[in-house]
Amino acid sequence: SLAMQQATIAYEAAQARYDDVMNGATAADIASAGASVRQAQVQLETVQNSMPSDMAVAEASVNQAKAQLDELMAGARSEDIAAAEADVAAATAALQQALVGLRNTELRAPFTGVVATLNAAVGEQVSPGAPVAQLADVTAWEIETSDLTELDVV
(Lines give C-alpha, C1' and ligand atoms only; values in the text may rest on other atoms or scores of the structure.)
Protein backbone atom coordinates (compact mmCIF):
# COMPACT_ATOMS: atom_id res chain seq x y z
CA SER A 1 0.00 0.00 0.00
CA LEU A 2 1.05 3.62 -0.42
CA ALA A 3 1.18 4.25 3.34
CA MET A 4 3.41 1.20 3.76
CA GLN A 5 5.78 2.38 1.00
CA GLN A 6 5.96 5.90 2.44
CA ALA A 7 6.63 4.60 5.94
CA THR A 8 9.35 2.28 4.64
CA ILE A 9 11.04 5.10 2.71
CA ALA A 10 10.86 7.43 5.73
CA TYR A 11 12.35 4.74 7.94
CA GLU A 12 15.21 4.04 5.52
CA ALA A 13 15.97 7.77 5.14
CA ALA A 14 16.00 8.28 8.91
CA GLN A 15 18.23 5.24 9.35
CA ALA A 16 20.63 6.59 6.70
CA ARG A 17 20.79 10.00 8.45
CA TYR A 18 21.42 8.24 11.75
CA ASP A 19 24.21 6.15 10.20
CA ASP A 20 25.78 9.30 8.71
CA VAL A 21 25.74 11.02 12.10
CA MET A 22 27.13 7.99 13.92
CA ASN A 23 29.85 7.27 11.35
CA GLY A 24 31.03 10.86 11.20
CA ALA A 25 32.51 12.65 8.25
CA THR A 26 34.09 10.70 5.43
CA ALA A 27 37.58 11.41 4.16
CA ALA A 28 36.01 13.03 1.09
CA ASP A 29 33.92 15.36 3.31
CA ILE A 30 37.01 16.41 5.25
CA ALA A 31 39.04 16.88 2.07
CA SER A 32 36.27 19.00 0.57
CA ALA A 33 36.06 21.15 3.69
CA GLY A 34 39.85 21.55 3.68
CA ALA A 35 39.73 22.64 0.05
CA SER A 36 37.06 25.19 0.98
CA VAL A 37 39.34 26.57 3.70
CA ARG A 38 42.26 26.85 1.27
CA GLN A 39 40.07 28.52 -1.36
CA ALA A 40 38.77 31.01 1.20
CA GLN A 41 42.33 31.77 2.34
CA VAL A 42 43.39 32.44 -1.27
CA GLN A 43 40.44 34.81 -1.67
CA LEU A 44 41.41 36.52 1.57
CA GLU A 45 44.99 37.03 0.39
CA THR A 46 43.71 38.40 -2.92
CA VAL A 47 41.54 41.06 -1.29
CA GLN A 48 43.80 41.99 1.63
CA ASN A 49 44.87 45.15 -0.17
CA SER A 50 41.35 45.88 -1.39
CA MET A 51 38.48 47.69 0.23
CA PRO A 52 37.66 47.00 3.89
CA SER A 53 34.21 45.58 3.00
CA ASP A 54 35.80 43.01 0.66
CA MET A 55 38.23 42.13 3.43
CA ALA A 56 35.41 41.53 5.93
CA VAL A 57 33.55 39.28 3.46
CA ALA A 58 36.71 37.27 2.77
CA GLU A 59 37.48 36.90 6.49
CA ALA A 60 33.93 35.75 7.16
CA SER A 61 34.26 33.21 4.35
CA VAL A 62 37.50 31.86 5.82
CA ASN A 63 35.99 31.68 9.31
CA GLN A 64 32.90 29.87 8.03
CA ALA A 65 34.99 27.35 6.08
CA LYS A 66 37.19 26.75 9.14
CA ALA A 67 34.14 26.28 11.34
CA GLN A 68 32.71 23.71 8.94
CA LEU A 69 36.04 21.87 8.85
CA ASP A 70 36.29 21.92 12.65
CA GLU A 71 32.74 20.56 12.91
CA LEU A 72 33.55 17.70 10.53
CA MET A 73 36.77 16.91 12.36
CA ALA A 74 35.03 16.93 15.76
CA GLY A 75 32.54 14.27 14.71
CA ALA A 76 28.91 13.98 15.63
CA ARG A 77 27.51 16.21 18.34
CA SER A 78 25.21 14.75 20.95
CA GLU A 79 22.34 16.92 19.63
CA ASP A 80 22.82 15.50 16.12
CA ILE A 81 22.86 11.95 17.48
CA ALA A 82 19.72 12.58 19.56
CA ALA A 83 17.93 14.12 16.57
CA ALA A 84 18.92 11.21 14.32
CA GLU A 85 17.80 8.69 16.95
CA ALA A 86 14.47 10.52 17.28
CA ASP A 87 14.02 10.46 13.50
CA VAL A 88 14.68 6.72 13.43
CA ALA A 89 12.26 6.13 16.32
CA ALA A 90 9.53 8.20 14.62
CA ALA A 91 10.06 6.43 11.30
CA THR A 92 9.99 3.04 13.07
CA ALA A 93 6.69 3.94 14.74
CA ALA A 94 5.22 5.07 11.40
CA LEU A 95 6.36 1.82 9.79
CA GLN A 96 4.80 -0.23 12.59
CA GLN A 97 1.56 1.73 12.24
CA ALA A 98 1.54 1.08 8.49
CA LEU A 99 2.08 -2.64 9.14
CA VAL A 100 -0.86 -2.68 11.55
CA GLY A 101 -2.95 -0.85 8.96
CA LEU A 102 -1.95 -3.41 6.35
CA ARG A 103 -2.91 -6.28 8.66
CA ASN A 104 -6.28 -4.62 9.22
CA THR A 105 -7.03 -4.83 5.50
CA GLU A 106 -7.18 -8.63 5.53
CA LEU A 107 -10.52 -10.41 5.53
CA ARG A 108 -10.71 -13.74 7.30
CA ALA A 109 -13.64 -16.12 7.29
CA PRO A 110 -14.76 -17.61 10.59
CA PHE A 111 -15.06 -21.03 8.94
CA THR A 112 -14.02 -22.89 5.79
CA GLY A 113 -16.56 -22.36 3.08
CA VAL A 114 -17.37 -21.02 -0.34
CA VAL A 115 -18.18 -17.39 -1.16
CA ALA A 116 -21.88 -17.37 -2.02
CA THR A 117 -22.27 -13.62 -2.61
CA LEU A 118 -19.78 -10.78 -2.74
CA ASN A 119 -20.96 -7.34 -1.62
CA ALA A 120 -17.75 -5.35 -2.30
CA ALA A 121 -15.15 -5.02 -5.03
CA VAL A 122 -11.36 -5.07 -4.70
CA GLY A 123 -10.08 -1.62 -3.67
CA GLU A 124 -13.49 -0.45 -2.48
CA GLN A 125 -13.73 1.02 1.02
CA VAL A 126 -16.16 -0.64 3.38
CA SER A 127 -17.41 0.34 6.82
CA PRO A 128 -16.30 -1.67 9.84
CA GLY A 129 -18.84 -4.38 10.58
CA ALA A 130 -20.48 -4.15 7.15
CA PRO A 131 -20.95 -7.55 5.48
CA VAL A 132 -18.52 -7.89 2.59
CA ALA A 133 -19.43 -11.43 1.56
CA GLN A 134 -21.73 -14.27 2.45
CA LEU A 135 -20.17 -17.67 2.91
CA ALA A 136 -21.74 -21.06 2.42
CA ASP A 137 -20.61 -23.88 4.69
CA VAL A 138 -20.43 -26.84 2.30
CA THR A 139 -19.07 -29.35 4.82
CA ALA A 140 -22.46 -30.51 6.10
CA TRP A 141 -24.96 -30.17 3.28
CA GLU A 142 -27.90 -32.56 3.18
CA ILE A 143 -29.90 -33.04 0.04
CA GLU A 144 -33.46 -34.30 0.23
CA THR A 145 -35.22 -35.62 -2.80
CA SER A 146 -38.19 -37.83 -3.38
CA ASP A 147 -37.32 -39.18 -6.83
CA LEU A 148 -33.63 -40.11 -6.48
CA THR A 149 -32.56 -43.58 -5.43
CA GLU A 150 -29.21 -44.81 -4.25
CA LEU A 151 -28.77 -46.73 -7.50
CA ASP A 152 -29.15 -43.49 -9.50
CA VAL A 153 -26.24 -41.90 -7.61
CA VAL A 154 -23.80 -44.82 -8.00
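Checked against (1) of a type in the set (Gly, Ala, Ser); (2) touching an Asp or Glu at 6+ places or on another chain (Cβ under 6 Å); (3) free of Cβ contacts under 8 Å to residues at least 24 places away in the same chain, Gly113 passes all but condition (3).
For the range 5-37, a residue qualifies if it is in a helix (DSSP H, G or I), surrounded by 15 or more Cβ atoms within 10 Å (Cβ to Cβ) and either modelled with pLDDT under 70 or within 22 Å of the chain's Cα centre (by Cα) (or both), and the qualifying residues are Ala7, Thr8, Ala10, Tyr11, Ala14, Gln15, Arg17, Tyr18, Asp20, Val21.
Looking at this structure, is Ala40 touching a Ser or Thr at 6+ places or on another chain (Cβ under 6 Å) and either loosely packed, with under 13 Cβ neighbours inside 10 Å or at pLDDT below 75 (or both)? Break it down stepwise before answering.
On the way: touching a Ser or Thr at 6+ places or on another chain (Cβ under 6 Å): yes; either loosely packed, with under 13 Cβ neighbours inside 10 Å or at pLDDT below 75 (or both): yes.
Spelling it out, Ala40 is indeed touching a Ser or Thr at 6+ places or on another chain (Cβ under 6 Å) and either loosely packed, with under 13 Cβ neighbours inside 10 Å or at pLDDT below 75 (or both).
Filtered by the rule that a residue be under 27 Å from Met4 (Cα atoms) and exposed (fewer than 10 other Cβ atoms within 10 Å of the Cβ), the range 111-130 gives Ala121, Val122, Gly123, Glu124, Gln125, Ser127, Pro128, Gly129, Ala130. When Gly75 is tested against the conditions (1) modelled with pLDDT under 75; (2) on the phi < 0 side of the Ramachandran plot; (3) surrounded by 13 or more Cβ atoms within 10 Å (Cβ to Cβ); (4) under 39 Å from the mean Cα position of the chain (by Cα), the lone failure is (2).
So which residues in the range 78-110 are of a type in the set (A, V, I, L, M, F, W, C), part of a helix (DSSP H, G or I) and loosely packed, with under 11 Cβ neighbours inside 10 Å, if there are any at all? Can you show your working first?
From the range 78-110, those of a type in the set (A, V, I, L, M, F, W, C) are 81-84, 86, 88-91, 93-95, 98-100, 102, 107, 109; that's our starting set.
Next cut, part of a helix (DSSP H, G or I) only: 81-84, 86, 88-91, 93-95, 98-100, 102.
Val100 - this is the single residue of the range 78-110 that is of a type in the set (A, V, I, L, M, F, W, C), part of a helix (DSSP H, G or I) and loosely packed, with under 11 Cβ neighbours inside 10 Å.
The values are calculated or read from the model by the stated rules, or taken from the named source; none is laboratory data. In this text the structure is predicted, and so the values were computed from the model without any measurement. Every residue, glycine among them, receives a Cβ derived from its backbone with ideal geometry; neighbour counts consider all protein chains shown.
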